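Everything below concerns the one structure shown next.
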Amino acid sequence: MAGFINLEDSPMFQKQVFSLEGTSDELKDRCQKLYKGVKKFMGALGEASTGVSAFADSLEEFGAGHDDPVSVSIGGPVISKFINTLRELSSYKEFLRSQVEHVLLERLTNFMTVDLQEAKESRRRFDKAVHSYDQAREKFVSLKKNTRGDIVAELEEDLENSKSAFEKSRFNLVNSLMTIEAKKKYEFLESISAIMDSHFKYFKLGYDLLSQLEPYIHQVLTYAQQSKEQSKIEQDRFAQRIQEFRTQSELDSQQASAKADPSDVGGNHVYRAIPRKNVEANSVSTADKEVTKQGYLLKRSASLRADWKRRFFVLDNHGSLYYYRNTGNKSAKSQHYYSGLGEHSSGVFGRFRTRHNRSASQGSLDCNMIDLRTSLIKLDAEDTDLRLCFRIISPQKTYTLQAENGADRMDWVNKITAAITIRLNSHFLQQSPARYLDKKNTSSGPATENLTLNQKEDYNQRLNVGDDVLTILREIPGNNTCAECNAPDPDWASLNLGVLMCIECSGVHRNLGVHISKVRSLTLDVKVWEPTILDLFRNLGNGYCNSVWEELLHHLDDDSEKGSTDTLASVSKPSSEDWFTLKEKYINGKYLEKALVVKDEREANSTASSRIWEAVQSRNIRDIYRLIVKADANIINTKFDDITDLDVYHHHHVDAPDEVKKRHDPNACQRIKNSNEARNCLQGCSLLHVACQSGDPILLELLLQFGADINMRDYHGRTPLHHCIASGNNAFAKVLLRRGARPSIEDGGGLSVLERAMEMGAITDEELFLLLAECQ
Amino acid sequence: MGTTLGKPFAGFFHQEEARIVLFGLGGTGKSSIMHKFKTGETLTTTMPTVGLNVESVKYKDSNLCFWEMGGQQCYMWFPLWKHWFQEIAGLVLVVDSTGRDQIEETKDFLNVVIDEIQGSVPDNAPVLVYGNKHEVPGAMSASEISNKLDLTSLRKKNWQRNWHVQSSCAFSGDGLHEGLDWLLKNAERM
């Protein structure tokens with residue numbers, strides 16, 4: 001509208017006013033509807049802002065803490081950056097809401113409560129003024145001609161006042177309506193446009209913020225994708241490991257059940273020793289500790305209830321056994337740290353590695369150590385009849401343990417037995433046992449704690465010899481396996497038979513008796529392996545010895561190619577997996593009955609005596625060994641008289657008894673006098689006498705090992721010890737004395753060995769003198 | 001030594017065991033003797049004892065605990081013997097009566113053991129010597145073993161030490177009970 005054309009009070013004027021008021025009413029209705037919509041919009045914006053803020057708070061609690069291993073493991077630092085962005089977006093939304101409130105809602109409210117209300121008030125005042133003006137006019141025009149002048153003047157004044165008030169209210173009404181008319185042209189456009197501008201700013205700020213973050217978001221998405229693929233690979237690998245573990249468990253179970261049978265045959269006895277190579281394999285990596293075996297075992301409580309407690313046992317390759325009783329709190333159990341991030345090579349995540357390297361705090365674990373040095377393990381529990389029990393016994397305490405299945409039980413027993421061996425061996429190396437060896441030599445004296453330099457050097461040499469013994473003996477042909485069952489790496493031996501064997505067969509050999517087999521350990525009996533013994537074994541060995549003891553078996557092997565299989569089956573050689581009783585039967589037949597020795601039936605024993613005498617004189621070790629084994633009778637004590645016609649050796653005349661006695665005196669022997677050599681008269685000499693004259697220590701050792709009589713006397717009453725002294729062989733003399741030779745025996749001249757020695761001059765060998773005097 | 005009552009509750013459930021140590025060179029029959037006492041049967045499938053073996057035996061009215069020292073390593077683990085020899089009631093040395101060439105080594109071994117356990121074992125712990133395998137022809141007699149081992153020197157070192165030589169056969173059990181009876185009677189003086 002162009003506005004009021006005429007301000008006079010007229011019906012056209014009234015019509016215009018009514019029209020404007022109608023428009024104002026319409027506008028009021030619309031303003032109220034808009035008001036409701038704006039309120040709803042504001043509520044939504046507020047709730048959205050609060051929601052985003054709550055989301056950010058929950059994310060912060062979820063994983064945005066600093067120096068928290070769990071947080072790092074789930075990607076906390078990345079989430080932390082996102083939390084900041086979300087909070088920023090939330091503040092933008094809040095600002096938008098406040099803009100809507102201040103720019104639109106407040107102005108809308110003001111418009112409705114001020115401008116529109118003012119129009120209503122003006123209308124009400126206008127109507128009231130119209131009413132007053134009408135009343136005043138009616139009074140005034142109703143006056144009669146004879147009314148007094150003052151009354152007329154008074155009513156006229158009232159009429160003028162009413163008219164003036166009417167005009168004033170009319171103008172006010174028009175003014176308020178015109179104000180509304182003017183405002184509606186710009187008020188809403190301005191507010192709504194301002195809100196749209198706020199929306200624009202809101203979205204632009206958000207866009208800018210997220211635009212900056214976009215490369216980072218893409219990076220994280222890429223990393224997450226890679227981690228997902230890597231995780232899948234690892235899960236597949238882990239599933240494969242589980243499958244392999246289950247397969248291996250089944251195989252171990254089968255092996256353990258098969259392995260358990262032989263040890264139970266013997267009844268209640270110590271489980272057999274672990275093969276040495278297993279022990280050595282464990283000893284190789286002693287530098288760093290590794291777990292040999294770990295798992296749960298049931299341990300019987302020491303309390304009166306004697307109930308079973310489940311404990312986690314750990315056995316490491318140092319031979320230490322300990323078990324845990326888990327008393328940690330729940331939070332400690334749930335703690336762990338992420339290792340995946342550390343594997344990523346991206347620089348963006350490099351800072352996570354520092355956190356990853358920090359150790360997580362762990363709950364307290366009770367750790368108890370079992371000292372295996374003084375312990376042994378047994379496969380039973382005496383007062384229970386449970387199948388899976390075994391005991392670790394030490395002087396201080398006995399542990400009764402129970403495995404969860406048979407295979408696990410055998411595995412624990414085997415590994416603990418190996419650990420005990422390791423502990424004992426390492427303990428031996430750490431200590432200085434030289435004083436004990438020295439104490440043996442001075443057993444009557446007090447124990448001495450001080451070691452001289454010589455004793456320490458002797459100890460070191462002894463250790464070196466001990467290390468070399470195994471190598472030396474196993475390098476001999478055939479000695480890499482047991483002479484009886486071919487088990488690898490034998491570490492037991494028979495001193496007199498000259499063979500190496502495994503621990504099982506050594507048990508059978510010991511039952512044969514020391515007159516047939518003298519069993520010693522290569523590693524445990526360190527004193528036995530003197531150089532002479534080692535040289536003797538070098539001359540023999542499993543290969544040669546078995547060629548003598550099992551000669552018939554070799555012939556049968558040849559005959560088997562010709563189809564002769566009946567006799568072969570009855571005397572087949574056992575293998576290492578055969579039963580103990582089978583080995584026992586074979587060994588008894590081999591050595592007691594000599595069932596596999598080929599006898600020389602064509603020749604008489606006298607021929608054997610001659611041949612062994614020749615072998616001793618020519619120092620043929622192998623021939624001597626073979627002849628002793630093959631002989632039916634004992635030829636070890638063969639004498640010179642057995643193989644020689646003595647009638648031409650000494651002149652036999654019928655003499656007086658005094659003459660007979662004088663003939664036995666070595667000084668009266670013309671043969672000895674003529675040659676000035678004590679060894680020239682061989683009458684009555686045994687093989688041992690000849691060996692002493694030969695000066696061959698290996699020969700001496702062989703005869704002694706096979707039981708040669710060390711105190712046999714010759715024609716002149718001399719023992720082998722006499723011969724050693726006479727020929728000045730002090731080394732041999734000492735060997736004989738240590739083996740039991742008696743120096744008190746008198747020869748034909750009535751003198752003992754000591755007296756004969758002194759007769760030859762002062763005894764310069766102090767050790768020999770002490771040995772001679774001590775045995776006197 | 002008969003049954004000794006320990007703590008009231010402990011005694012109610014199990015009785016104290018007298019600990020007896022068997023030692024000697026390898027192959028003398030220690031395991032066979034212990035097995036005979038344990039089961040009454042003859043041990044026929046013996047293997048060398050590596051380390052040690054323990055058996056609890058109820059003998060007449062006594063509870064005995066036999067500790068067998070493996071003979072193959074007689075010098076190797078002397079430092080550990082203190083642990084094993086604590087609180088023992090008696091010592092049992094097993095000798096192979098047929099092993100004349102080993103008797104000298106056995107004497108040295110016995111003296112080393114006696115010296116080593118000074119302070120760990122009561123001075124009056126008796127020493128029983130089983131001359132095992134005496135049934136084999138040519139075996140040494142008890143008096144011969146006693147002379148060769150010079151057992152009279154034990155009392156010279158310690159006037160309270162009692163010793164006894166008993167010929168035995170682990171297979172038939174001959175002499176085993178006589179020896180153990182002597183040991184327990186002398187151990188009761190402790």
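Data for the structure
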read-out: Scan of the stretch A:84-135 for residues that are buried (at least 18 other Cβ atoms within 10 Å of the Cβ) and touching a Cys at 6+ places or on another chain (Cβ under 7 Å), ordered by number; value: A:L108, A:F111
read-out: Wholly enclosed strands (runs of 3 or more DSSP E) of the stretch B:39-122 bearing at least 2 residues surrounded by 21 or more Cβ atoms within 10 Å (Cβ to Cβ), in contact with an Asp or Glu (Cβ under 7 Å, 6 or more places away or on another chain) and at pLDDT 70 or above; value: B:52-59, B:62-69
read-out: Which listed residue, of A:L209, A:L177, is closer than 30 Å to A:F95 by Cα and touching a residue at least 60 places away in the same chain (Cβ under 8 Å); value: A:L209
read-out: Residue match in the stretch A:513-525 (condition: over 22 Å from A:W579 (Cβ atoms), among the small types (G, A, S) and without any contact (Cβ under 8 Å) to a residue 40 or more places away in the chain); value: yes
read-out: Of all residues in the stretch A:376-398 being aliphatic (A, V, I, L, M), in a loop (DSSP other than H, G, I, E, B) and modelled with pLDDT of 70 or more, the one that is most open to solvent (accessible area, probe 1.4 Å); value: A:L386
read-out: Filter result (open to solvent by 70 Å² or more (accessible area, probe 1.4 Å) and either among the polar types (S, T, N, Q) or not assigned by the TED database to the domain that holds A:E121 (or both)) within the stretch A:16-52; value: A:Q32, A:T50
read-out: Scope the stretch B:135-190; condition under 23 Å from A:G707 (Cβ atoms) and surrounded by fewer than 19 Cβ atoms within 10 Å (Cβ to Cβ); matching residues; value: B:E135, B:V136, B:P137, B:G138, B:S141, B:E144, B:N147, B:K148, B:F171
read-out: Qualifying positions in the stretch B:145-174 - free of Cβ contacts under 8 Å to residues at least 12 places away in the same chain and among the aromatic types (F, W, Y); value: B:W159
read-out: Test: A:L704 is closer than 18 Å to A:I533 by Cβ and outside any loop (DSSP other than H, G, I, E, B); value: yes
read-out: Qualifying positions in the stretch B:26-38 - assigned to a loop (DSSP other than H, G, I, E, B) and either more than 15 Å from B:D174 (Cβ to Cβ) or open to solvent by 20 Å² or more (accessible area, probe 1.4 Å) (or both); value: B:G26, B:G27, B:T28
read-out: Cβ-Cβ under 6 Å pairs, at least 6 apart or on other chains, the stretch A:400-415 side outside any loop (DSSP other than H, G, I, E, B), far side of a type in the set (D, E, K, R) and open to solvent by less than 40 Å² (accessible area, probe 1.4 Å); value: A:T400/A:R391; A:L401/A:K299; A:K415/A:K293
read-out: Subset of the stretch A:292-310 [over 17 Å from A:V413 (Cβ atoms) and either modelled with pLDDT of 75 or more or in contact with a Lys or Arg (Cβ under 7 Å, 6 or more places away or on another chain) (or both)]; value: A:S301, A:A306, A:D307, A:W308, A:K309, A:R310
read-out: Qualifying residue in the stretch A:525-537 (condition: within 11 Å of chain B (Cβ to nearest Cβ), open to solvent by 40 Å² or more (accessible area, probe 1.4 Å) and part of a loop (DSSP other than H, G, I, E, B)); value: yes
read-out: Condition broken by A:R107, with the remaining ones in (1) in contact with a Leu (Cβ under 8 Å, 6 or more places away or on another chain); (2) within 30 Å of A:K33 (Cβ to Cβ); (3) of a type in the set (D, E, K, R) satisfied; value: (1)
read-out: Per-region count, the stretch A:61-72, residues out of contact with any Gly (no Cβ under 8 Å at 6 or more places or on another chain) and crowded, with 17+ Cβ neighbours inside 10 Å; value: 2
read-out: Cross-chain or 6+ apart pairs with Cβ under 7 Å, the stretch A:141-164 first and within 21 Å of A:K128 (Cα to Cα), then open to solvent by less than 50 Å² (accessible area, probe 1.4 Å) and modelled with pLDDT of 85 or more; value: A:D158/A:A136; A:L159/A:A136; A:S162/A:Y133; A:S162/A:A136; A:K163/A:Y133
read-out: Every pair of residues 6+ apart whose Cβ atoms lie under 6 Å, when the first sits in the stretch A:740-768 and is under 24 Å from A:L700 (Cβ atoms) while the second is among the basic types (K, R) and assigned to a helix (DSSP H, G or I); value: A:L768/A:K734
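The values are calculated or read from the model by the stated rules, or taken from the named source; none is laboratory data. Since the model is a prediction, treat every value here as computed from it, not as a measurement. Ideal geometry is used to build each Cβ from the backbone, glycine not excepted, and the neighbour counts take in all protein chains shown. Calculation scope for accessible area: heavy atoms of the full protein, side chains included, ligands and nucleic acids excluded. Shrake-Rupley method; radii C 1.70, N 1.55, O 1.52, S 1.80 Å.
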